[in-house]
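For reference, the structure discussed in these notes is given below.
The values are calculated or read from the model by the stated rules, or taken from the named source; none is laboratory data. From a predicted model like this one, the values you see are computed outputs, not experimental measurements. No Cβ is skipped: glycine too gets one built from the backbone with ideal geometry, and neighbour counts run over all protein chains shown. Side chains included, ligands, DNA and RNA excluded: accessible areas come from the protein's heavy atoms. Shrake-Rupley method; radii C 1.70, N 1.55, O 1.52, S 1.80 Å.
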Amino acid sequence: MNLILIGPPGAGKGTQAKNIVEKYGIAHISTGDMFRETAASGSEVGKKLQSFMSAGKLVPDDVVIEVVKNRLAKADCVKGFLLDGFPRTDPQAQALDLMLAAGKQKIDAVLCLKIDDSEIVRRLSSRRVCPSCGGSFNLVSQPPKVDGICDFCAAKIVQRADDNEQTIRQRLQVYHQQTSPLIAYYTKRGILNSVDGSRAVNEVFKDLCAFIPTAGH
Ligand code: AMP
């Protein structure tokens with residue numbers, strides 16, 4: 001089973017992606033996580049990636065496509081995968097189609113999280129993440145049990161460099177201009193399923209699961 005999770009920054013893609021891959025036993029492919037990992041290495045490529053991310057801009061298509069192509073070739077993708085944060089542009093969606101066609105594969109469902117811009121700014125400004133295990137918290141709605149410490153691995157949680165209001169607004173603009181047209185792209189194919197992402201995590205998860213085709217169906 002191959003899935004795409006689409007939605008604006010702060011819609012809860014990372015949290016829902018974790019739950020979905022755990023439940024269905026498929027590979028989690030987050031381009032954002034991969035880029036943050038490379039950026040943390042401090043290499044020249046990492047520094048370049050960081051400059052795009054810090055500015056709230058998209059990493060160039062050719063770079064992203066190459067990274068995803070290599071990732072999809074890894075053995076764990078054979079059992080299926082969830083793409084989280086890819087594709088984000090029309091050329092990326094077309095490149096994905098070509099990659100999948102070459103391997104006689106297809107996307108079974110596109111899951112789209114819908115949420116208002118004002119709610120996103122509110123959520124992201126109070127989001128904190130764990131740089132060690134990827135855990136995500138919200139100081140208002142889902143604070144860690146111990147102030148400043150990850151519930152899952154006890155590392156110190158931090159604010160993402162791109163979670164400040166100016167960069168959030170830039171990321172939203174990029175989403176509306178470049179990524180949201182993909183909703184029409186997948187609607188035309190009849191594989192788009194939208195869910196209201198503003199609700200509690202478990203409610204959103206339940207609705208998403210209802211759209212995930214399971215083996216044999
Ligand atoms: P995310 O964690 O998905 O919000 O991604 C964080 C940042 O990584 C984005 O703001 C972009 O700078 C970059 N990025 C992640 N995925 C992509 C993509 N598919 N295309 C271009 N840039 C991306």
**OP:** Please work out the average accessible area per residue across region 97-217, using the 1.4 Å probe convention, and give it in Å².
**Re:** 58
**OP:** Spit out the partnerless Cys residues in the chain, using Cβ distances under 4.7 Å as the pairing rule.
**Re:** C77, C112, C209
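Could you report region 1-89's accessible area per residue, 1.4 Å probe, as an integer in Å²?
45
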Subject >> Phi-based couplings in Hz for region 142-153 (Karplus 6.51, -1.76, 1.60; Gly and Pro marked x) >> reply: 8, x, x, 5, 10, 3, x, 10, 5, 4, 8, 10
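Based only on the alpha carbon positions, what is the Kirkwood hydrodynamic radius of region 51-149, in angstrom?
The Cα-based Kirkwood calculation yields 16.4 Å.
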Original post:
For region 168-217, which whole-number percentage of the solvent-accessible area (1.4 Å probe, protein heavy atoms only) is attributable to carbon and sulfur atoms?
Top reply: 54
**OP:** Just the number, please: carbon plus sulfur as a percent of the accessible area of region 1-132, 1.4 Å probe, no ligands or DNA/RNA counted.
**Re:** 53
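Evaluate Rg over Rh across region 71-217, taking Cα atoms for both radii and Kirkwood's formula for Rh.
Rg/Rh for region 71-217 comes to 0.99.
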Original post:
Which ³J(HN,Hα) values in Hz, rounded to whole numbers, follow from the phi angles of region 40-46 under the Karplus curve 6.51 cos²θ - 1.76 cosθ + 1.60, where θ = phi - 60° and Gly and Pro get x?
Top reply: 5, 5, x, 5, 4, 4, x
Original post:
When the Cα centres of region 110-129 and region 145-217 are compared, how far apart do they sit, in Å?
Top reply: 7
Original post:
Each residue of region 110-117 in order: what ³J(HN,Hα) in whole Hz does its phi give by Karplus 6.51 cos²θ - 1.76 cosθ + 1.60, θ = phi - 60°, with x for Gly and Pro?
Top reply: 10, 9, 10, 8, 9, 6, 5, 4
Original post:
Counting other Cβ atoms within 10 Å of each Cβ, which trypsin sites (Lys or Arg not before Pro) in region 1-109 have at most 16 and sit in a DSSP loop?
Top reply: K57, K74, K104, K106
